[in-house]
Amino acid sequence: MTRLPLPDADGIYTFPTDLIAAHREWMDSLSEAKEIMTLTSPLPLSPYWIERREPSGRPVVVIEPHHDDFILSASGYFLAHPRPLTVVTTFTRSRSVHPSLESTYSSVESVSDLRDREAAQSLLPLGAARVGLRFKDAEKPYRPPEPAQVDQITTQLAEVLDGMEEAELIAPAAVTRHPDHLAVHEAARRLGCRWFWEDVAFWSTYALSGCDRQLFRERVGDELRPEVKDITSTVLDKVTLLHMHGSQMRPARKMYRPIRHAHTVAADMLPDAEGRTQGQYAERFYRLGGTR
């Protein structure tokens, strides 16, 4: 495994360049390896290489708001610990693309199709089954989710989960205040979900400042217990999956922001028995009581 660079004294400005170089080196090392699969980013049609995972253990149902939320927030852990996955995407109808793409992808149908194809590619290495609920995502100005919509999401999720009682559920912790995340979090909790990932999608209000985290702590108190998981061994493969979501990760440097955040999260990891830091990069999860 390529050893990843640490952010230097110039911080966020030079770190992406170093990480891009590390990822390119990683691609070169995999391009001719055996049992490596090729992923194609649907927007630029660029090829990438990644090792296919072999899922084992208890099945997991991932309940995500949008097509990229699971990959952004929790894919490093599941690359390291692959489980049989079913990914349920709630808001599959969208017109959200980078402004530079709006003239090409100008309708809900074209944007939704692109984002669906991006998600399909990013989930291939994990062997995930996919289910879409076809709700339309929220548009600005954002308002709290409507109770009736939360009820509808809960009902449809319950239908998907019927007969899957053996599966463990995981959903967003709703650290961000985005109404789609809040709605999915509430619906998942109603259905017995006790395992959540830290949302890392809304950079302007979350990862670049502390306001969302402060509001999150005030809202949940000690109710959700944080867990930090080392993803250092899989972080370059996570970068590969982020490349699949080109309609959202534009300009290209945006896809490295989740990795910079993972570097800061790793600072919260407890040292091992010998007092050594466990890793350079991590993802944060939360537990509520027991598990389902």
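The values are calculated or read from the model by the stated rules, or taken from the named source; none is laboratory data. This one's a predicted model, so the numbers in the text were calculated from it and none came from an experiment. Heads up, the Cβs are rebuilt from the backbone with ideal geometry, glycines too, and the neighbour counts pull from every protein chain shown.
Suppose the filter is over 25 Å from residue 279 (Cβ atoms) and among the hydrophobic types (A, V, I, L, M, F, W, C); does residue 135 pass it? For residue 135, the condition - over 25 Å from residue 279 (Cβ atoms) and among the hydrophobic types (A, V, I, L, M, F, W, C) - is met.
Whenever a residue of the stretch 46-72 is under 19 Å from residue 197 (Cα atoms), its partners that are acidic (Asp, Glu) and part of a strand (DSSP E or B), lying with C-beta atoms within less than 7 angstrom and at least six residues away or across chains, give the pairs 58/168; 60/168; 70/64.
Residues of the stretch 101-117 that are β-branched (Val, Ile, Thr) and buried (at least 17 other Cβ atoms within 10 Å of the Cβ): 111 alone. Of all the residues in the stretch 49-81, those that are assigned to a strand (DSSP E or B), farther than 24 Å from residue 96 by Cβ and out of contact with any Asp or Glu (no Cβ under 8 Å at 6 or more places or on another chain) number 1. Yes or no: the stretch 271-282 includes at least one residue that is under 30 Å from residue 97 (Cα atoms), out of contact with any Cys (no Cβ under 6 Å at 6 or more places or on another chain) and modelled with pLDDT under 95. Within the stretch 271-282, one or more residues are under 30 Å from residue 97 (Cα atoms), out of contact with any Cys (no Cβ under 6 Å at 6 or more places or on another chain) and modelled with pLDDT under 95. Meeting the requirement of 3 or more residues that are charged (D, E, K, R), the helices (runs of 4 or more DSSP H) wholly within the stretch 121-238 are 179-190, 211-220.
Is it fair to say residue 176 is β-branched (Val, Ile, Thr), surrounded by 15 or more Cβ atoms within 10 Å (Cβ to Cβ) and more than 15 Å from the chain's Cα centre (by Cα)? Here the answer is no, as residue 176 does not meet what is asked.
Results for (1) crowded, with 22+ Cβ neighbours inside 10 Å; (2) of a type in the set (Lys, Arg); (3) modelled with pLDDT of 85 or more, shown as yes or no for each residue.
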{"residue": "198", "(1), (2), (3)": "yes, no, yes"}
{"residue": "203", "(1), (2), (3)": "no, no, no"}
{"residue": "208", "(1), (2), (3)": "no, no, no"}
{"residue": "215", "(1), (2), (3)": "no, no, no"}
{"residue": "219", "(1), (2), (3)": "no, yes, no"}
{"residue": "225", "(1), (2), (3)": "no, yes, yes"}
{"residue": "239", "(1), (2), (3)": "yes, no, yes"}
{"residue": "256", "(1), (2), (3)": "no, no, no"}
{"residue": "263", "(1), (2), (3)": "no, no, yes"}
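When restricted to residues that are in contact with a helix residue (DSSP H, G or I) (Cβ under 6 Å, 6 or more places away or on another chain), under 20 Å from residue 68 (Cα atoms) and either among the β-branched types (Val, Ile, Thr) or without any contact (Cβ under 8 Å) to a residue 24 or more places away in the chain (or both), the stretch 124-182 contains 4. The single condition among (1) within 15 Å of the chain's Cα centre (by Cα); (2) crowded, with 21+ Cβ neighbours inside 10 Å that residue 120 does not satisfy is (2). Just one of the listed residues (95, 58) is among the basic types (Lys, Arg) and at pLDDT 95 or above, and it is 58. Selection of the stretch 97-110 for residues being in contact (Cβ under 8 Å) with a residue 24 or more places away in the chain and closer than 17 Å to residue 251 by Cα yields 97, 98, 100, 101, 105. Only residues that are in contact with a Leu (Cβ under 7 Å, 6 or more places away or on another chain) and under 30 Å from residue 191 (Cα atoms) were counted in the stretch 18-54, giving 1. With respect to the conditions (1) touching a helix residue (DSSP H, G or I) at 6+ places or on another chain (Cβ under 8 Å); (2) surrounded by fewer than 22 Cβ atoms within 10 Å (Cβ to Cβ); (3) in contact (Cβ under 8 Å) with a residue 60 or more places away in the chain, residue 279 falls short on a single one, namely (3).
I'd like to check something: does the stretch 138-150 contain any residue that is surrounded by 12 or more Cβ atoms within 10 Å (Cβ to Cβ) and touching a strand residue (DSSP E or B) at 6+ places or on another chain (Cβ under 9 Å)? The answer is no; no qualifying residue exists.
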